[in-house]
1. What is the residue count in segment 95-108 for residues that are modelled with pLDDT under 90 and under 14 Å from residue 72 (Cα atoms)?
2. Quick check on this structure: which one of 94, 103 is loosely packed, with under 10 Cβ neighbours inside 10 Å and more than 11 Å from the chain's Cα centre (by Cα)?
3. Tell me, please, whether a residue that is assigned to a strand (DSSP E or B) and either modelled with pLDDT under 85 or over 14 Å from the mean Cα position of the chain (by Cα) (or both) can be found in segment 26-45.
4. Filtering segment 1-23 down to residues that are part of a loop (DSSP other than H, G, I, E, B) and without any contact (Cβ under 8 Å) to a residue 12 or more places away in the chain, which residue is nearest to residue 76 (Cα to Cα)?
């Protein structure tokens, strides 16, 4: 499938140490997105950030390195992202999930 034109970007921000049934939550989200046939999903490791607690978490020396942010980005056609949202509701008990409209201008893959 080639993705071009109007698409939705689902961005989920959680703590990298959040878990789902004894494995990283981001791993569960990636595997479910893959099983749902979504066009693409990537996880990005945060080096510093804060959330609802207003406590800054950082990788800098002499700082605690727990609860660092992990950003999961999924892009696909609107109907596929909308169909995936109930799984996000099930999995993400703390964190934030946002959906925004984007325009896919290039989507290439090797077969």
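1. Counting residues in segment 95-108 that are modelled with pLDDT under 90 and under 14 Å from residue 72 (Cα atoms) gives 0.
2. From the options 94, 103, the qualifying one is 103.
3. Checked against the condition, which is being assigned to a strand (DSSP E or B) and either modelled with pLDDT under 85 or over 14 Å from the mean Cα position of the chain (by Cα) (or both), segment 26-45 yields no hits at all.
4. 21
The values are calculated or read from the model by the stated rules, or taken from the named source; none is laboratory data. If you're wondering where the values come from, they're calculated on a predicted model, not measured in any experiment. Positions of Cβ are generated from backbone atoms using ideal geometry, with glycine treated the same way; all protein chains shown enter the neighbour counts.
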